[in-house]
Amino acid sequence: MPIRLLCILIPLLLVSPAISNEKPFTLDDAYHAALTTNEIVKIGEEDVLQAKSRVDQALTYLFPRVTARGGFTRYNEMLPPEGGAFIFQPREQTQAVVELNQPLFTGGRTMAAYRYAKTQSTMMQKQFSASQQDVLLNVGNAYFEVLKSKRLVDVSRDSLSRMEQYKKVTERVASTRKTKATASDLLRARTLVSQSEVLLLVAEDRFMIARQRLSLLTRIPENSVFTEPDPQPLPGNTLEQLKQTALASRDEYARSRLNQTAAKEAITIVKGGHWPQLSAVGGFQYTDSYPATGLDGRNYYAGLRLQISLFEGGLMRAEMSEARSRYRQAELATEQLRRSIEQDVTEAYIVLQTQTTVLERTKQQYTDANENFRTIAALFNEGLISSLAVIDAQQALFVSEREYVNALYDQQIAILRLQRATGLLGKNTKSLNEGFHASS
C-alpha cells in the first residue's frame, strides 16, 4: 500500500510546480510578445536597418576616393629592335599607381543625396512605427476577442445548465399531467435546450479560433491564461481636438510630409548632376621597365579635373520635369492622406460613441432581464407559474447577457481603434514604449 501511494504522489509532485508556476498573460505581455516575435515587425526592422545603411553609403561620397592599380606587361619585341638611345617599348614593364580623387564642386548633388538618404531613413522609421501600431491593434483585437469568446462560453454553459434544469422540471410535470399543453411545453423546452447546446458549441469554436489567432500574432501558447485588463478610459477630447492630435501624432502623416522633403532634394540631385563637376586629383606612379626607358621611376602629380556636359539631347529638361512632377505628387498625396486621417478619426469616434451607447442600453437590458429571471424563478418556486415561463425568462436573460458581453468588449476594441486613428496606440504607456522603440 505505501508503494502504491508513493507511485501516485511522485507524478503529482512533478506536475504541481508546472501548474503553480503558470503565469497569466496580460495585454501588455501580448503586445511585447508581438513586437519581439512577429514577422511583420522583424521585416520592418530590416527595412530600417537597410535605410540606415544607405545613409552610410551616401556619406562616403563626401570623402576622397583613393584607388590603386598595377600591372605587368610583356611585349613580343623591343622597339627599336636593337635598342638605342631611347627605348619607347621595352621587353617587360611593371607599373603601379595610387590616385586620390576629392570632389570639390558637384552642383550640390552630393550633399543633397546625403540629406535625401537621411530623410528616407527617417521615413522608414516612421513607416516601421506605423506598422508596429497596426500589429498592436491586431493584437489588441485578438486579445479582447479571446476574452469575449471565453466569457461567451461561460455564459452559454450557464444558460445550458439552467435550461436543462428547468427542462427536467417540465418533463416531470408532463409525466404527471399528460395534456396537450404540457406536451407542448416539453417540446419547446427540449428545443430551447438543443438551441443552447448549439450556441455553446459555436461559442467554444469561436474561443478556440480566437486563441489560435492570438497565438499566431504573439506566439503565446494557445492554452495560456489571459487576464482581464482594466477598462480603458474614454477620450475626453472633442472630435476636432482628436483630429489635430492625429495630424500631430500619426506616423503615416509625418512620413508623407518627409516624402515631400525627399522629393525636393531629388530635384537638387537631378539639377546638380548636370552642372559642371570639379574635383582635385593627386597621385603617385611607379614604372619599371626592362630594358630601362626614360619614363621609368617614381612620379608624383596633382591637379584639377573639370567635367562639363555640352550636349545631352534635352536629358536635363526631361529629368527635371519628372522630378518636379514627383514633388507635386508628394504634395497631393500628403493632402489626400490628411483628409483620410481626419475621416478615420471621425469614423472611429462615431463608432466609439455608438458602442458606448449600446453598452449602456445592453447593460440596462441585462440588469432588467436578470431581475425578471429572479422574479419568475421565485414565482415558479411558489407554484404560481409554469416552468415554461422560467425557461422563457432564462432565454431572455441569456440573450441580454450575451449582447452585454459583446458590447462590453466591442467598446474596448473601439477605443483601441480610435487610439490607432489618432496615432497614440502604444505611445502612452512607458513600459510599452520601451519595447515599442527597442528595435529602432
Cα→Cβ-extended label distance, 7 Å offset, between L315 and L295, nm: 3.1
Under 5 Å, built H, 5+ apart or other chain: amide partners of F25: V225, F226, T227
Acute angle (nearest 10 degrees) that the helix 27-37 long axis makes with the longest principal axis of the chain, alpha-carbon atoms: 30
Spatial separation of Cα centroids for segment 169-204 and segment 317-362, in angstrom: 54
FRET efficiency, 1/(1 + (r/R0)^6) with R0 30 Å, evaluated for V399 and Q353 via beta carbons: 0.80
Karplus-derived 3J(HN,Hα), 6.51/-1.76/1.60, for each residue of segment 84-91, Hz, glycine and proline x: x, 5, 9, 9, 9, 9, x, 6
Charge context of L425, other residues only, Cβ under 11 angstrom, K/R +1, D/E -1: +2
Approximate spin-label separation Q285-N223, in nm, with each point projected 7 Å along Cα-to-Cβ: 8.0
Neighbour-count ranking [beta-carbon atoms within 10 angstrom, fewest first] of V270, V202: V202, V270
The chain - share of DSSP beta bridges that are antiparallel (%, nearest 5): 95
Förster-model FRET efficiency, 35 Å R0, A389 and K23, C-beta, rounded to 0.05: 0.15
Cα long-axis angle, helix 239-249 against the chain (0 to 90 degrees, to the nearest 10): 40
Calculated FRET efficiency for the pair R91/Q244, C-beta based, R₀ 60 Å, to 0.05: 0.15
Charge context of R65, other residues only, Cβ under 15 angstrom, K/R +1, D/E -1: +1
Burial ordering of L352, L137, fewest other beta-carbon atoms within 10 Å first: L137, L352
In order through segment 138-154: 3J(HN,Hα) via Karplus (6.51 cos²θ - 1.76 cosθ + 1.60), integer Hz, x for Gly, Pro: 5, 5, x, 4, 5, 5, 5, 5, 5, 4, 5, 5, 5, 5, 5, 4, 4
Gain in span if fully extended, L216 to R339, counting 0.36 nm per residue against the direct Cα distance: 40.9 nm
Tilt relative to the chain, helix 387-421 - C-alpha long axis, 0 to 90 degrees, to 10: 20
Under 5 Å, built H, 5+ apart or other chain: amide partners of Q89: L79
Ranked list, fewest to most other Cβ atoms within 10 Å of each Cβ, for F72, F284, F144: F72, F284, F144
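Values quoted throughout were computed directly from the atomic coordinates according to the rules given, and no laboratory measurement underlies them. Just so you know, these numbers come straight off a predicted model, no measurement behind them. Here the Cβ is made from the backbone with ideal geometry for all residues, glycine too, and neighbour counts use every protein chain on show.
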